[in-house]
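Participant: Attaching a single structure in structure tokens format; questions to follow.
Here, each number is a calculation from the coordinates, and none is a lab measurement. As the structure is a prediction and not an experimental result, all values here were calculated from the model. Note that each Cβ is placed from the backbone with ideal geometry, even for glycine, and that neighbours are counted across all protein chains shown.
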């Protein structure tokens, strides 16, 4: 006889694993910063964060079976951020090679919650925003979140090799951009 | 030189948030979680969702066994069926069987050709 287990049948630890409150407490800040680096504007990041947690709560049953919780929540956040960017700035896709950065650069300079005091930090962020979407996403996840390439590949729906390549290309482009502006 | 840039900047970003933003957001999200709690039905659906590699393996094995069973039954039925030989004349070739039949027939033999 095959026993079909539901959430109610799971042990207490497994139920806690699926509790939305725990996920909010744990991932609210890192997800906000991840989303903020993608959509740039604070107000947009706040909306996307809320949409992300709505999606997480809606599909929380999947998480009970998910082995990689962090990759799962980051994937939802990334998709929500990309969806938001699509509605704001024409078509944005992780596969897009074209430069979608100019609207984001404008947002960076116009946002109330952007600190413009440190020119190098600002220039660094501008350099990141000139990258294609996939490279920017991979760079942010690796550089700021320090996620392993395996998780980044799972989040972006690519391979480990592609994630590593994108990260190194992104680093090269960022340093070249800054050196070019400074010279 | 290139690495220096990353060392100088580190993980600093120009992004800031309003005072008390995260505390307020956590409260809002917790309220959202209570008001949008998915039903037990959704949990059960998710728990029963069959997308694991093991499920795919079982499905593939079942499909192969089904194909083998259908193939075996088909083979058996083919062997049990009587073999009918149907002669089809193309109209051009000479049919010698009719001549043999005519020679053997008593009534035809009595006819004055």
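Participant: Taking the Cα-to-Cβ direction at residue B:77 and at residue B:57 and moving 7 Å from each Cα, how far apart do the two end points lie in nm?
Facilitator: 3.4
Participant: Average the reciprocal distances over every distinct pair of alpha-carbons in segment A:11-182, invert the result, and give the Kirkwood radius in Å. Each step should come with its number before you reach the end.
Facilitator: Working: mean 1/r = 0.0598 Å⁻¹.
For segment A:11-182, the Kirkwood estimate is 16.7 Å.
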